[in-house]
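Trainee: One structure coming up, written as structure tokens, with questions to follow.
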Amino acid sequence: MKVFITGGTSGIGLALAIKYLDQGYKVGVCGRDLSKVPTAVIEKYNNNLSLFQVDVTSREELKSSIAKFAEGRLDILIASAGISIPHKKTLPDFDRAHAIINTNVLGLLNSFEAALEVMLPNKGGKLVAIASVAGMIGVPRAAAYCASKAAVIKFCESLTVDLLPKGINVITIAPGFIDTPLTQQNNHPLPFVIDSSTAAEKIYVAIENNIPLYIFPIPMKILIYFLYFLPRWLYRRFMMFIQWGGES
Ligand SMILES: NC(=O)c1ccc[n+]([C@@H]2O[C@H](COP(=O)([O-])OP(=O)(O)OC[C@H]3O[C@@H](n4cnc5c(N)ncnc54)[C@H](OP(=O)(O)O)[C@@H]3O)[C@@H](O)[C@H]2O)c1
């Protein structure tokens, strides 16, 4: 069995790579900086782990890396590559916004496209998107990140219907806070935070069970649905009241 993980050099992607390697899968991992992958992991899983230095925004490079890894067979593609650039000001920073949308949205499109070229002829496979609970609400000072994850959630919601008759399961994962280098750059509290290997266990089970949208951990799921269903004027008041770690 073969799984390719974008953004597998660190955090959730790396934890998932280790989980699948432990299950005996052949795992392909990509990132821009392969030196992030711990030497101990490379040495332990040498035979089953393939590393590809590729930026997910490079459509053709990603396509050729995935094709090279798959050699005609790919069971699971996990699009975990993503960035969240901390932004303390209330005014939007459009350079950061472009970078976030490029990686989180276009990078995911490129990953799915490349994987489908292998999966469709085989009439089977799973496309997994690591979105975020941030895609369900507009978090202050994280507009581009929230927009990028909302785009991913809705893109996958459509595909989960479109691709099922072709034998392709589309699975969206919406985690709350996970302790990774991405969240370690934040200066605000991380409610209900969990570690990356616990997250990988939960994501693995959700993928096994083909859950179309998996939101976790449960306390964050309850909080996010509460915020999602609040009348928007009340949501705005609530968010202006808490105003985490920023400047105006
Ligand atoms: N941590 C959380 O609380 C949390 C919550 C919800 C959702 N998420 C999502 O989970 C995913 C993984 O995040 P993480 O927390 O594990 O963060 P992370 O530790 O910073 O990992 C991000 C990964 O993405 C890769 N990456 C970034 N830009 C890339 C690009 N242009 N091309 C290829 N690879 C790229 C990084 O590798 P290189 O630097 O080597 O390129 C790294 O492997 C992201 O999509 C994030 O939005 C995280």
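Trainee: Sort L163, L106 so the one with the fewest other Cβ atoms within 10 Å of its own Cβ comes first.
Mentor: Taking fewest neighbouring Cβ atoms as first place, the list is L106, L163.
Trainee: Same structure, new question: Is there a pair in K19/K88; K88/K149; K44/K221; K149/K202 whose C-alpha atoms are over 30 Å apart, and which pairs would that be?
Mentor: The pairs that break the limit, which is 30 Å between Cα atoms, are K19/K88; K44/K221.
Trainee: Still on this structure, please answer the following. Put +1 on the Cβ of each Lys and Arg and -1 on the Cβ of each Asp and Glu in region 2-242; which of S10, H188, N104 then has its Cα farthest toward the positive end of the dipole?
Mentor: Positive-most Cα among the choices belongs to H188.
Trainee: Given labels modelled 7 Å from the Cα in the Cβ direction, how far is it in nm from L109 to D179?
Mentor: In this crude spin-label approximation the distance works out to 3.7 nm.
Trainee: Roughly speaking, what is the centre-to-centre gap between region 151-225 and region 6-31 when only Cα atoms are used, to the nearest Å?
Mentor: 16
Trainee: Quick one, can you get me the convex hull of the C-alpha atoms of region 119-248 expressed as volume per residue in Å³?
Mentor: 120
Trainee: Take the Cβ-Cβ distance between Y225 and E157 as r, set R0 to 25 Å, and report the resulting FRET efficiency rounded to the nearest 0.05.
Mentor: Using R0 = 25 Å, I get an efficiency of 0.95.
Trainee: Let me ask you something else. Please state, to two decimals, what the Cα-based radius of gyration of region 80-177 comes to when divided by 2.2 N^0.38 Å (N = residues).
Mentor: Compared with the compact-globule rule of thumb, region 80-177 sits at 1.16.
Trainee: Work out how much length K202 to S64 would gain on full extension: take 0.36 nm times their residue separation and subtract the Cα-Cα distance, in nm to one decimal.
Mentor: Net length gain for the segment: 46.7 nm.
Trainee: Please give the helix 232-242 orientation as an angle from the longest Cα principal axis of the chain, in degrees from 0 to 90, rounded to the nearest 10.
Mentor: With rounding to tens, the tilt is 90 degrees.
Trainee: Can you spot the lysines whose alpha carbon is less than 20 Å from K63's alpha carbon? Ignore those fewer than 8 places along the same chain.
Mentor: Within the straight-line limit of under 20 Å, K63 reaches these lysines: K2, K26, K123, K126.
Trainee: Give, as ranges by residue number, the residues of region 37-59 whose backbone N falls under 18 Å from the point 7 Å along Cα→Cβ of E117.
Mentor: From region 37-59, the list is 52-59.
Trainee: So what are the radius of gyration and Dmax for the Cα set of region 1-127, in Å?
Mentor: 15.1, 49
Trainee: I would also like to ask the following. Gaussian network model of the chain, Cα springs within a sub-10 Å range: biggest mean-square fluctuation belongs to which of V152, V41, V118?
Mentor: Its mean-square fluctuation being the largest, the pick is V41.
Trainee: For region 2-242, what's the relative contact order in percent, using C-alpha pairs closer than 8 Å and at least 6 residues apart?
Mentor: In percent, rounded to a whole number, it is 19.
Trainee: What whole-number value in cubic angstrom gives the convex hull volume per residue for the C-alpha atoms of region 2-242?
Mentor: Here the figure is 121 Å³ per residue.
Since every read-out is calculated from the coordinates, none of them should be taken as a lab result. Source: prediction; values computed, not measured. Counting neighbours? That spans all protein chains shown, and the Cβs are built from the backbone with ideal geometry, glycine included.
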